[in-house]
Amino acid sequence: MTMSTQAPQHYESAVRAMSEAAAEAELTHAPVRLAYWRMAALDGILARLEEVRLAGEREVWEDILELVIGSADRHDPELAERLGRIHDADLNAVHDAVFEGQGRVMLELAQLRRVPNWQDLDLTLEPGDDEAVA
């Protein structure tokens, strides 16, 4: 009889351990997935801005500007602040701001994945190194 009561306890313990491991893995992977999602969203916005440029416009179309502002308000306070300083929906200024926001996501992703980024390389390379920029 003792054996039948221990089996459910071992099962419950194993299920609890698996659930805790899954939750821990999710905590690790969720920020990376979110960063990749933000990169894809910003790529889509940059593609829409390129459509405006190809149409010969100098100002961002209102629907695209609303998309950029909404995304920035939800995901990137620095981008939202910079967009607030842009006058007349200037295409080049909006494009540069979105591109800069994408750079911040790339840096965040590099940090999450623990891989070097271009800023780390700039700090590592010293004048006199073969790859250093003059």
Selection within segment 36-91 - among the aromatic types (Phe, Trp, Tyr), assigned to a helix (DSSP H, G or I) and without any contact (Cβ under 8 Å) to a residue 60 or more places away in the chain: 37
Residue under evaluation residue 76, criteria (1) closer than 17 Å to residue 97 by Cβ; (2) open to solvent by 80 Å² or more (accessible area, probe 1.4 Å); (3) within 13 Å of the chain's Cα centre (by Cα); (4) not basic (Lys, Arg), criterion not met: (2)
Is there a residue in segment 91-114 that is on the phi > 0 side of the Ramachandran plot and modelled with pLDDT under 95? yes
Just to check your reading of the model, which residue among 55, 97, 93 is under 15 Å from the mean Cα position of the chain (by Cα) and open to solvent by less than 100 Å² (accessible area, probe 1.4 Å)? 97
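The values are calculated or read from the model by the stated rules, or taken from the named source; none is laboratory data. All values reported here derive from a predicted model rather than from experimental measurement. No Cβ is skipped: glycine too gets one built from the backbone with ideal geometry, and neighbour counts run over all protein chains shown. These accessible areas exclude ligands, DNA and RNA; they are computed on the full protein's heavy atoms, side chains included. Shrake-Rupley method; radii C 1.70, N 1.55, O 1.52, S 1.80 Å.
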